[in-house]
1. What is the sum of charges around A:Val13, taking Lys and Arg as +1, Asp and Glu as -1, for the other residues whose C-beta is under 13 Å from the C-beta of A:Val13?
2. Taking every pair of alpha-carbon atoms in the range B:3-87, give the share separated by more than 21 Å as a whole percent.
3. Read phi for every residue in the range A:104-121 and hand back ³J(HN,Hα) as whole Hz from Karplus 6.51 cos²θ - 1.76 cosθ + 1.60, θ = phi - 60°, with x for Gly and Pro.
4. In whole Å and largest first, what semi-axes does the C-alpha gyration tensor of the protein assembly as shown yield when each eigenvalue is scaled by 5 and square-rooted?
5. What is the set of long-range amide H partners of B:Val180 at a cut-off below 5 Å, with H atoms built 1.01 Å from backbone N?
6. Determine the principal axes of the Cα atoms in the range A:41-147, then give the extent along each, sorted from largest to smallest and rounded to whole angstroms.
7. Could you compute the net charge surrounding A:Asp63? Neighbours are other residues with a C-beta less than 12 Å from the C-beta of A:Asp63; K and R count +1, D and E count -1.
8. For chain A, what is the mean residue ellipticity at 222 nm derived from helices alone (per DSSP H run of n ≥ 4: -39500 (n - 2.57); sum divided by total residues; nearest 500 deg cm²/dmol)?
Amino acid sequence: METVLRSRTREVVISIDRPFVIIGERINPTGRKVLAAEMKAGRMDRVKADAIAQGAAGAHMLDVNAGIPAIDEPALLVATIKAVSDVSDLPICIDSSVMEALEAALAVYEGKALVNSVTAEDERMDRILPLVKKHGAAVIGMANDETGISMVPEERLAIARRIVDRAADYGIPREDVIIDPIAMTVAADPTCGLITLETMRLIRNELGNNMTCGASNVSFGLPDRATVNAAFLPLAMHAGLTCAITNPLVPEVRRAVLAGDLLLGHDEYAMRWIASYRAEQAAAATK
Amino acid sequence: MSREEEIRAGLFDHTLNGHAPEVKALTEEGLKLGMDPMDILFKALIPSLEEVGRRFEKGDFFVPEMLIAARAMQGALVILRPLIAETGAKPVGRYVIGTVKGDIHDIGKNLCVIMLEGAGFEVFDLGVNTPPEKFVAAVQEHQPDVVGFSAFLTTTMPMFKVNIEAITKAGLRDKVHIAVGGAPVTEEYAKHVGADSYAPDASMATRMAKEIVGDRSEGSQGAKALEQAVMKIDETLRKG
């Protein structure tokens, strides 16, 4: 199954048979005070710098979120997407749970966007899926519903299936639904990691849809998150994860994805691995 | 150092490090030696959990360490609960807490529950995705000193305002202190929506709650809160 996303000039294909796709997570004001203040003031310098840096670090797509409390989110999201598009040709993942913001962003986006996200809540599905269909976009479906997040992989699979089915009802092809099996921190419950991995295996085998997740969630509340995140990614890739919203500027994460691709047979003759190594050597030499 | 002093020190250290079997054994030994259950609780266990909170605030302790410390303390509470219940002691204060409607994030909220119960509060945890009317009903029913709203998303934070309006409309605004918290929440935003206070983490939320209810004598603390604590901590740990 192949999910194709596009900017005006670039195409990204997500598939279990292809290299892993990194969706850069940095353009998000939540928890980033300076970025939030600048975005609020309409200054997009840091947004642009983040877009360029993530692209250079190997991001294939960029997540764009403009969720600042008490602000005109539709207008800000549109402005942020425009700023990102000025400096980057990577396809965009439009990240908001405000309907009006999604609508405004989809209306101005040139290409095929990924909408982040819909849950299996009826009300959310029935509002967001028609919008996704109207704009020919793809959508991330989170495997939870109004009852919360199940800790039983089979139940998360059933919830994911409900989203895929509802999307089909609205005429959205199966390949345009990317499932988020939901990663939660192992700091609160040591079984969380395994439950997520098992959910991925089930979804890969039973549904075959592409999968993404907020990969950095797994290490919340722990020290040295980079190492935990980096260990999680190849495990998840083997379980069926085909893209992730994560930070490519963290060297451990970037290298873990490259090594995972290499070990899973998605880097012929290790050319990307070697090229990355050389680039790092060269960068170190010029410091 | 007398054996009783050693036991207090040992309970403090072992709770801090989350050593449940040692905490249980020392509690049993202390009781056998005739130590007062309230003494064990307020001079060893609660100070230890407060130290856990301080370290967490400073960034020296991490989430799992907070959880195992609470679990260790819970082992002692199981033993102490029936003994303290006999004395008919009262909780430090009452606290109603929940994650707002539309939001199902609960790690931060659960940590607050653990810390508040550890500090002797009777906590009414409304869980996640809590509609305003449920908060109003809980404030009416339990008459808490504080009601706390947790939100993890910028899109669910506006529920603070909706909740506060609902509480005001029900004529309860003067009767309860309103605290808010959660990852994207700021002091400024808390003021903006008309909350009384904002806490950046569970430990701070607990310290502020204690300030709100004021210092009360040791004798008035205990029983019911502990009974709840045993069940709630257990439940929280199971849920993660």
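Throughout, read-outs are computed from the coordinates displayed, never taken from laboratory work. Values in this document were obtained by computation on a predicted structure and should not be read as measured data. Because the Cβ atoms are built from the backbone with ideal geometry, glycine has one as well, and the counts that use them run over all protein chains shown.
1. On the way: positive: A:Arg6, A:Arg10, A:Arg18, A:Lys112; negative: A:Glu2, A:Glu11, A:Asp17, A:Glu175, A:Asp176.
The answer is -1.
2. Working: 823 of 3570 pairs.
Pairs farther apart than 21 Å: 23 percent.
3. Per residue, the Karplus-derived 3J(HN,Hα) values read 5, 5, 4, 5, 9, 6, 9, x, 10, 8, 10, 8, 10, 6, 10, 10, 8, 5 Hz.
4. Working: eigenvalues 395, 144, 88 Å².
The three semi-axes for the protein assembly as shown are 44, 27, 21 Å.
5. Amide H neighbours of B:Val180, under 5 Å, 5+ apart: B:Phe149, B:Ser197, B:Tyr198, B:Ala199.
6. Largest to smallest, the principal-axis extents are 39, 31, 26 Å.
7. Numbers: positive: A:Arg26; negative: A:Glu25, A:Asp50, A:Asp95.
Here the count lands on -2.
8. Working: 10 runs with 133 residues, N = 287.
-15000 deg cm²/dmol, from helical runs alone.
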